[in-house]
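To start, the structure under review is shown below, and the notes come after it.
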Amino acid sequence: MTADIQRVSACVGWAAAAVAFFALHSVASAQGAAPALSAVSGATPMAAPAAPPAPTPVLAGPATPIAPPPAACNAPAELARLDRPLIHTMRRLASGEPLTIVAIGSSSTAGAGASSPTASYPSRLAVELKARFSGRDITVLNRGANGEETDNMMARFDRDVMAAHPQLVIWQVGTNSVLRDHPLNPHAVELREGIEELKAAGADVILVDPQYAPQVLAKPETQAMVEQIALAAKQQNVDLFPRFAVMRNWYEAGHLGFDVFVSPDHLHMNDWSYACLAKLLGAAIGEAATRPIAAAHGAHTATLP
């Protein structure tokens with residue numbers, strides 16, 4: 001009987017100790033402090049629970065890059081204006097008859113470097129002119145051919161230019177002769193003869209000189225070619241759109257890198273520069289085809305009917 005009473009007393013003692021332990025732990029937890037535990041009947045004290053880890057800060061990811069705005073398409077007024085009125089073009093627009101324009105040249109007329117044929121400068125020029133002369137029937141024919149020089153283009157004048165009976169011919173010349181280091185004197189003769197053929201066909205003529213691009217600039221005769229084309233335009237009394245000077249202005253005054261207006265081959269133009277060329281050329285054609293011109297005796301100005 002005494003042994004049973006001792007066992008019961010021991011159980012009661014252990015139960016009381018357990019109740020006391022859990023009560024003490026609850027109070028300490030409520031106060032935010034680790035409970036100080038004493039050994040109970042020889043038990044090893046329990047370690048205080050570790051503090052919860054600090055929350056990991058949430059860092060914002062890199063902002064989605066905002067595409068830079070497209071470069072402004074512009075040029076000084078003296079470069080973007082044709083010196084001479086476009087008489088044949090003017091008469092056709094004034095009469096309301098369809099206007100046909102032929103763009104002949106090499107790869108930068110054909111559209112090398114553009115993402116699609118619709119991004120070539122003749123295609124973009126058609127869009128610009130139709131917007132400027134709403135409701136008019138205007139056709140721009142692209143007669144560019146990769147790799148050609150002036151004599152190659154002249155050889156297909158009858159088929160690709162005269163057969164269309166254009167009122168305006170835009171002739172882009174000079175680049176491939178420079179790239180191939182061909183002499184300038186024969187080119188001067190060919191250019192003069194070609195201009196005379198186009199004028200005899202009853203068309204206004206606009207010459208377009210080489211592009212301002214690294215591969216062209218690397219050639220020693222580039223500047224001489226640009227000057228030769230300008231001189232031919234002046235002597236033959238036709239217009240010149242100075243593409244070389246316009247693109248140089250983008251680079252020097254506009255501080256645009258070649259990657260903005262030249263394709264990765266460092267030679268041809270790209271979608272942006274073809275579109276800008278067309279915009280500037282379209283504005284120049286629009287102004288020259290609606291410009292009041294001096295009357296026969298110079299007494300007053302008038303617009304051709």
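Note on segment 177-199 and segment 204-252: Cα centroid distance 13 Å, given to the nearest whole angstrom. Distance distribution note for segment 87-290: the fraction of Cα pairs above 26 angstrom is 28%.
Place the peptides 220-226, 242-248 in order of packing, highest mean first, counting for every residue the other Cβ atoms within 10 Å and averaging per peptide. Present the calculation step by step, with values, prior to reporting the outcome.
Details: 220-226: 16.7, 242-248: 22.4.
Final packing ranking: 242-248, 220-226.
Computed over all pairs of different Cα atoms, the Kirkwood value for the hydrodynamic radius of segment 139-234 is 13.8 Å.
Just so you know, all these numbers are worked out from the coordinates, no wet-lab data involved. Note that the structure is predicted; figures quoted are calculated from it, not measured. When we count neighbours, we look across all protein chains shown, and the Cβ atoms used for this are built from the backbone with ideal geometry, even at glycine.
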